[in-house]
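Quick notes on the structure that follows.
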């Protein structure tokens, strides 16, 4: 890959052209060693912003090399001042100081220049300066010392000679793959400076997975109704693999030989999902799912592809916010000694040429600022037979060499040159990184912790008394939020919370239990995901105790955000936007217009997201429409799911109800469904929910036995918006809602009390599993059963999602009628 920047006296060309970098993948070796992702701070926000900006403007195949672009731009940054330097540093997300920036690039370059017989990687940068420009000695020393760049003084008015020299050097670095970085010598006319970065990578798969004899012609779907015949490589082996609900895609890692580089492929679930992928993808989501990757057998089918790509990056860089270097306002005074010359140093274009070839042997990539990547797979099959995204990473530093998009494997060339560009400013949306997931090790329930779970049923009962109809909530999420408040409470305020939660007196024991609860809400395994985020919103001006902020982050994974409650509309929008982001847009809002008062001091929100896949999915073809019997109304026809399989099932005499446990694919969570035998006497299931307080979850589960069950459940969707204040007051928690509340552990800056504890939960249950999201919420999923016994949920029932390791109730709900809104 080659990248070049041409700086001219007038508004000419900073032609940053990167030769195409070819990577030849020969073999992919799947060793039995553990894969540990890069643990340092990643430097790739700009990489994905640039890729997304180019991707939304060009519909065909794309290949970029972010590191090549950054190498050229950082040399300009070293000579920039004022607004020019500010734009470069801000958009590229450079470290806070120039010295830190130099250290970061020195680390990256040192890693890329390591010599290893398992792969080939060449990287080089040259800086050509016209003899008429007297460069600052300090600038020349900096670029040579920290970036390994030789500054070459030459007569750039001899455009033919300089063109031949640049192209020969680029051709050498890229092993002949980019013969002409500078196509037309007239492009260098009036140029006084040229920055050229070339990158070449050739790697073989760590093992020879893709044999020639296993390559077949198959259909690649350009769209739903349009396909082409393409040669596909196939293999079945073990790979690190993950699934992303946010991206609606699968992620596959294929390492190259040498234990340093790997290709990651991101494959949308749907044929037309690549546009959604480009919109939602960001480095935070990717980093999170790379850490969640699991080693598993996968059938991989990916197309062979080879193409070249030329991109003129000025429009995209302008859109991202780098504008000054292209205008006559550019301030590159750190390069030339005289202001008269430096004032006329401006960039006319950033040109990048890239190329890639992926076949049975491996990958060859050549680029001028180019990116290359591979393919993706699912748990059992990874069929990349429709558009996908890929990238190649140096896993020792987290540096992305190439990013690409494949929309047509037969397309040989692509260019942004003829694409209309939009110069409006656009910055990537901020995404909050997620905390690491819990360990998969089985946890024994410590002595006394069963009592800690009693609050779950208490709260569910209190909510059931207040609300009619369908309900979905999360006792565990509410409990976690209350525990964070207890950390900052004192006196009567703290005692009431402790009593309601049945918390032990020992502070460390409380935090141990809270951490275990939090870990259960931050998991991803085999397609089942639980994620939670807690935030305390305080009025502007409150001085938060440093100790409390630290405790909140360290033990509860939460944070504090000041907000101007006097501006109700803005405050509502701020909180609702956070809710949408935390629940993957499943919950649109938690605050209704006009719900905030100017005297609001504190609001606690906890967003909970759950996506569960049944361990045994329902057969879609077995679904049917039948009666669901609603109390006092009678039959309402609705969609049912049915299956026959072995489940833990039993009749609980003390509850006068049947119970069934339906496990999810992670092996640690399950849905429990309780179906009363005499629903006419308890139409709203309040008696059943009250009776649950006398039977611990562990005792209920112990009375279930594996048997064949014919399970019939309705498909359903529930959304509940709850204010838990009244339910908590019913449980004895009063003081924290009053002006006498003592929350001085949070702040000493005046009286502080809780206005609301809000919870918004949403759940969708179908044949594949459940998607549930909530803000201080509780999500649930339905169950499946088998043949000897019949479990026909055609009347109101209770359900809960249980963490089988701690017996904590993650979600609880009541279903009394189809299509009921709350």
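Any read-out appearing in this document is the output of simple, stated calculations on the displayed coordinates, not a laboratory observation. Everything quoted here is computed from the prediction, not taken from an experiment. Note that we place each Cβ from the backbone using ideal geometry, even for glycine, and neighbour counts take in every protein chain shown.
Rounded to a whole number of µm²/s, how large is the Stokes-Einstein D of the range 622-665 at 20 °C and 1.002 mPa s, given Rh as the Kirkwood radius over C-alpha pairs?
Here the translational diffusion coefficient equals 163 µm²/s.
Taking the DSSP bridge list for the range 441-591 and keeping only pairs wholly inside it, about 35 percent are antiparallel. Just report the Cα centroid separation between the range 693-768 and the range 557-597, whole Å. The two parts, judged by their Cα centres, are 20 Å apart.
Apply the a/c threshold of 1.5 to the C-alpha gyration tensor of the range 62-159 and tell me whether it is rounded, prolate or oblate. Oblate, since a/c reaches 1.5 and b/c is not below a/b.
Measuring r between the beta carbons of residue 706 and residue 271 and using R0 = 35 Å, the FRET efficiency lands at 0.30. Note on the range 128-157 and the range 77-121: Cα centroid distance 18 Å, given to the nearest whole angstrom.
Share of pairwise Cα-Cα distances greater than 19 Å in the range 453-560 is 52 percent (whole percent).
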